[in-house]
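Have a look at the structure below before the remarks.
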Amino acid sequence: MTGLPHHDAEAIRAVVDMSTCIEALRAGSVELGDLHPRTQVSLGLTDDFLMMPAVSPAGIGVKIVNVVSGNRERGLPLIHGFYLYCDRETGVPTATLDGSALTTLRTPAASALAADLLARPDATTLGVFGTGVQARGHVEAMLVVRPGITRILVTGRSEGSAESFVTSLDVGGRPAVAAGPRETAGCDIVCGCTSSTTPVIPTDAVRPGSHVGLVGSYSMARREVDADLVNLASVFVDDRHAAATEAGDLMVPAEEGEWSFDAVVGDLSELCVGKVGRTADDEVTLFKSVGLAAWDLIVAAAVVRAC
């Protein structure tokens with residue numbers, strides 16, 4: 001693989017912005033083809049080594065990701081990733097890409113696509129739990145699909161982290177403020193972008209008609225909401241099989257007999273073709289994403305084509 005072109009984070013964002021990524025996922029999610037399970041190797045209670053392969057007409061690819069919670073104290077990113085993209089016809093390695101940059105882009109883009117299809121069109125407030133790269137990406141992505149948002153509330157691990165985060169946001173002059181969990185959970189669109197091992201979004205503060213998007217949990221060790229919120233909402237997922245094996249927010253209440261995966265209304269592909277969706281203005285919708293390798297491949301292929 002010596003001499004393969006490498007696309008770093010700057011190069012990726014130079015050719016595929018958030019709006020372009022959302023539309024690429026909208027088109028590509030209609031028919032994802034066969035999905036391949038990710039390999040997850042535990043590095044401890046909350047740390048993981050992940051391998052995420054994907055094959056489609058767009059190409060062949062695999063993302064390798066390390067999630068190390070102690071990196072926060074080291075001043076390093078929580079997640080590090082690397083992507084290898086190969087030609088579909090020949091299997092020849094074509095390029096490498098910054099895997100973390102792909103994740104930073106495609107995850108909020110998928111959340112925004114789901115929000116575009118599920119959130120009320122008149123949504124004006126955005127609540128974000130988390131202050132990391134995913135939180136930042138979700139703010140950017142939600143403003144693409146709901147430009148009518150006029151106020152952004154953020155809850156972090158501490159008031160200081162939330163205040164620092166909102167100060168650094170570029171949101172076109174919209175008010176962005178650090179807020180408590182109940183205020184943030186009361187927004188029209190609520191995004192869970194944390195690595196929490198216990199629920200952070202208070203169910204009784206979630207208002208009728210709101211949309212909740214969750215991306216933080218990908219194992220039984222992590223949860224951002226409790227069983228009450230899962231039961232309150234109409235639940236949608238990126239992929240049923242992936243959710244049943246990786247979505248801690250859903251797996252825990254299912255294992256404890258408080259909820260069933262039979263209650264899942266639909267997946268992202270079904271949302272994209274209009275088979276399922278919001279059915280009432282006061283309905284609480286919830287989209288749970290564990291992240292699909294097929295999304296990385298869609299975005300990687302778009303980057304390689306553009307370069």
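The values are calculated or read from the model by the stated rules, or taken from the named source; none is laboratory data. Quick caveat: nothing in here was measured; it's all calculated off a predicted structure. Every residue, glycine among them, receives a Cβ derived from its backbone with ideal geometry; neighbour counts consider all protein chains shown.
Here are some notes:
- Cross-chain or 6+ apart pairs with Cβ under 8 Å, the range 22-40 first and closer than 12 Å to D238 by Cα, then aliphatic (A, V, I, L, M) and in a loop (DSSP other than H, G, I, E, B): V30/V273; L32/L292; L35/L292
- Of P147, P121, P77, all but one fail to be under 25 Å from I201 (Cβ atoms), of a type outside the set (A, V, I, L, M, F, W, C) and outside the structural domain of S195 (by TED's automatic domain parsing); the exception is P77.
Residues are listed down the side, and each one gets a yes or a no for (1) under 17 Å from E140 (Cβ atoms); (2) touching a Gly at 6+ places or on another chain (Cβ under 6 Å); (3) among the small types (G, A, S); (4) buried (at least 17 other Cβ atoms within 10 Å of the Cβ):
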{"site": "D8", "(1), (2), (3), (4)": "no, no, no, no"}
{"site": "A14", "(1), (2), (3), (4)": "yes, no, yes, no"}
{"site": "M18", "(1), (2), (3), (4)": "yes, no, no, yes"}
{"site": "C21", "(1), (2), (3), (4)": "yes, no, no, yes"}
{"site": "D34", "(1), (2), (3), (4)": "no, no, no, no"}
{"site": "T39", "(1), (2), (3), (4)": "no, no, no, no"}
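- Selection of the range 249-307 for residues being in a loop (DSSP other than H, G, I, E, B) and of a type in the set (G, A, S) yields G257, S260, G274, G277, A280, S289, G291.
- Residue tally, condition touching a residue at least 60 places away in the same chain (Cβ under 8 Å) and within 25 Å of G216 (Cα to Cα), over the range 259-300: 24
- Considering residues of the range 88-124 that are among the hydroxyl-bearing types (S, T, Y) and surrounded by fewer than 20 Cβ atoms within 10 Å (Cβ to Cβ) only, the residue farthest from A293 (Cα to Cα): T124
- Restricting attention to the range 266-300, the residues that are crowded, with 24+ Cβ neighbours inside 10 Å and over 22 Å from R240 (Cα atoms) add up to 1.
Every residue, every condition in (1) within 16 Å of A293 (Cα to Cα); (2) at pLDDT below 85, yes or no:
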site: D8; (1), (2): no, no
site: S19; (1), (2): no, no
site: I22; (1), (2): yes, no
site: T46; (1), (2): no, yes
site: F49; (1), (2): yes, no
site: V55; (1), (2): yes, no
site: R74; (1), (2): no, no
site: C86; (1), (2): yes, no
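- Of the helices (runs of 4 or more DSSP H) entirely within the range 1-97, those holding at least 1 residues that are of a type outside the set (S, T, N, Q) and closer than 16 Å to A302 by Cβ occupy 9-15, 18-28.
- Screening G291 with (1) within 20 Å of R106 (Cβ to Cβ); (2) of a type in the set (G, A, S); (3) at pLDDT 95 or above gives one miss only, at (3).
- In the set D267, D262, only one residue is at negative phi, touching a helix residue (DSSP H, G or I) at 6+ places or on another chain (Cβ under 8 Å), charged (D, E, K, R) and outside the structural domain of I79 (by TED's automatic domain parsing); that residue is D267.
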